[in-house]
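Reading through the structure tokens given below for one structure.
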Amino acid sequence: MEIFDNRTRIVKDDLEKNIAKGSRVSIAAACFSIYAYKELKNRLEACEELRFIFTSPTFVAEKTQKERKEFYIPRLKRETSLYGTEFEVRLRNEMKQKAVAMECAEWIRKKVRFKSNTVQGGMNNFLVVDNTDETYNYLPLNSFTTVDLGCERGNNVTNFVTRFESPESTIFLRMFDNLWNDKERFADVTKDVIEMISTVYKENSPEFIYFMTLYNIFNEFLEDISEDVLPKEATGFKNSVIWNKLYNFQRDAATAIINKLEQYNGCILADSVGLGKTYTALAVIKYYEGRNMKVLVLCPKKLSENWMTYRGNLLNNPLAEDRFNYDVAYHTDLSRHSGKTVSGYDIDRVSWGNYDLVVIDESHNFRNGNGTNTHGGEKENRYMFLKNHIINSGVKTKVLMLSATPVNNRFNDLKNQLALAYGDNPDELNDKLKTKSGIDTIFRRAQGVYNAWCNLPERERTTQNLFSKLDFDFFEVLDSVTIARSRKHIQTYYDTTDIGTFPKRNKPISLRPKLTDLPKAINYKEVYEQLSSLKLTIYTPTIYIHASKLRKYLDEDETEKFRKGREIGIQRLMSTNLLKRMESSVHSFLLTVRRIYDYMKETASIIDEFEKSGAGSLDEMNDLSGMTTVTGRG
């Protein structure tokens, strides 16, 4: 018995000594490589015969349960290893593959037979050299490649092979003979092997090479495709009016969205403005309505007329023949407890958990996530209502989000929108994504990279620099659950004959007129400084309340800090409103300033009168915009 570590002592050298003229070689292994033949060419050419058994189904149909496939070398990988494995790249780069394959195929025709295991029963991997005077067995020999012969390094930490002589080796030879003669479990695949190797050196058409290139680029993607997530054309959605109104790039988007909704339960369509996101979403809605699913469209009030038109029996509805039946509600309906939706339903009677698909137009309005109350606890805002009562409640709900600007100034904007798809179970999405980290970790790292990028000098703050620093997992998430294309993308990758050219945007014209042409008149900057100096203390009454009496003026769920912060916010807002009023017209600004002056003078007079006589009322006071507010009794 001898042991080879395949570092200082390699199996190849020993085989060259023991394979002689007239030797019979028997191999049971997972793979066969023409480069292993090349290393032992002189010895193998001299042997009498070689028998090879593929220990797992190769060149035969597999009958393997889906959950077991990950535990063995895939059939396709075993077959393609004939002309080199991933660890034989150096040999393939020598550009001698064609010559080696031709010699190997000729040798196989003369002296070799291949058989394959057709069942999933496990087998030992070994090599036997049977000479007239001695029999040698090499164990284990997982595959007949240059790695197992010790000529190349694989990814194993150790690669020990043991050689046994007679009588132990004869036991393996007898076992091999029994397996070789088992016609029920082993099938002859010699012709398939020769045909596979012959493809290496035969002349191929350019078309074949093109398709093989496409396959090798996209084969991993093709492995992920399942009929379970592909659109079911039997629904007839491709015969609908809306489908036939779509351009080619919109049809691609609709098909991809359906795939992502089925696979990940959510998708964000973030095409640029003007690329027809609404029509694309309508095609997706038509598909799911064809499967008898209930659909809800959530949109801002200003966009509701479009959505209501497409579902209505109206003369101006270009899609009337499709008879859409989705419900429409405003974003703000999710924070109301009474009233009616735009579809005419009582809000307190809507079965929110009964929708199979929710389409959110302008989904960036839900980017801020969960709400908080004045004490820092959770407060059910519209985002939380959507998660709790629509997505996590009732039937399983898919979420399609439409937004040209899903991210405002932080990546959490995107994460919060994606969270609508997986609800309270991020692990469900993590299991489906091909990422090393969870989605929370991915976005936290991306935000950290973005923050660091923002602090770089301007000349280093380039898009390419940002992309180079972002983790690959981040792009994997974007590719899996978002579709975002610009007009330039459409023009570059699609036939735009039907579309025509997109309108060109004119460069904006910046005008900076002076406030007046009068000499030595006040300018904008001076007006701004004057307005900024206004205290507008009428909007911050809390600062004048004695600390011991403050609790009497606060609501039950308010804190002192919250009340003061809100008042300061209103104060700043009113200062800004004055600037906006001046922007509207100088005349309007003059009227407002006069109203402020009269109002402040009147209020000061009432306070002076109250201090002198104790009489006077501050029950009703007008604010600076003419609205009425009640501030309390003096």
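Need one number: % antiparallel among DSSP beta bridges in the chain, to the nearest 5.
Numbers: 24 of 55 bridges.
DSSP beta bridges in the chain are roughly 45 percent antiparallel.
Sequence gap at least 6, Cα distance under 8 Å: using those rules, report the relative contact order of the stretch 376-488 to the nearest whole percent. Worked out over the stretch 376-488, it gives 21 percent. Normalised per residue, the accessible area of the chain is 59 Å², obtained with a 1.4 Å probe and no contribution from ligands, DNA or RNA.
P(r) tail for the stretch 295-357, what percent of Cα pairs lie past 13 Å? Percentage above 13 Å: 62.
Once both labels are positioned 7 Å from their Cα atoms along Cα-to-Cβ, the gap between V527 and A484 label points is 3.9 nm. Placing dummy labels 7 Å off each Cα toward the beta-carbon, the span from Y493 to D346 is 5.0 nm. Sorting the segments 470-477, 431-438 by their mean number of nearby beta carbons within 10 angstrom, highest to lowest, gives 470-477, 431-438.
Can you give the extra length, in nm with one decimal, that the chain gains between K191 and F502 once fully stretched, where that is 0.36 nm per residue apart less the Cα-Cα distance? Show your work: numbers first, answer last.
Values: separation 311, 0.36 × 311 = 111.96 nm, distance 5.68 nm.
Between K191 and F502, full extension yields 106.3 nm more.
With a Förster radius of 41 Å applied to the beta-carbon distance between L518 and I568, the computed FRET efficiency rounds to 0.70.
Peptides 280-289, 165-174, ordered by how many other C-beta atoms sit within 10 Å of their residues on average, highest first, read 280-289, 165-174.
Here is the size of the stretch 394-528 from its Cα atoms: Rg then Dmax, 22.3, 71 Å. Potential lengthening of the chain between T540 and L466 amounts to 22.2 nm, from the contour at 0.36 nm per residue minus the alpha-carbon distance. Report in % the part of the accessible area of the chain that belongs to carbon and sulfur, leaving out ligands and nucleic acids; probe 1.4 Å. The value for the chain is 50 percent carbon and sulfur by accessible area.
What does the charge count near I522 come to, summing +1 for each Lys or Arg and -1 for each Asp or Glu among other residues with Cβ under 14 Å from its Cβ? Every neighbour counted, the sum reads 0. Three principal axis extents describe the C-alpha atoms of the stretch 152-207; from largest down they are 54, 37, 17 Å.
The modelled label-to-label distance between R551 and S584, using points 7 Å beyond Cα along the C-beta direction, is 4.3 nm. Compared with the dominant Cα axis of the chain, that is its longest principal axis, helix 439-454 is turned about 70°.
With a Förster radius of 56 Å applied to the beta-carbon distance between N354 and N181, the computed FRET efficiency rounds to 0.30.
Computed on the Cα trace of the chain, the radius of gyration divided by the Kirkwood hydrodynamic radius gives Rg/Rh = 1.17.
The values are calculated or read from the model by the stated rules, or taken from the named source; none is laboratory data. Since we're looking at a predicted model, the values are computed, not measured. Heads up, the Cβs are rebuilt from the backbone with ideal geometry, glycines too, and the neighbour counts pull from every protein chain shown. Protein only, heavy atoms only, side chains kept; ligands, DNA and RNA dropped before computing areas. Shrake-Rupley method; radii C 1.70, N 1.55, O 1.52, S 1.80 Å.
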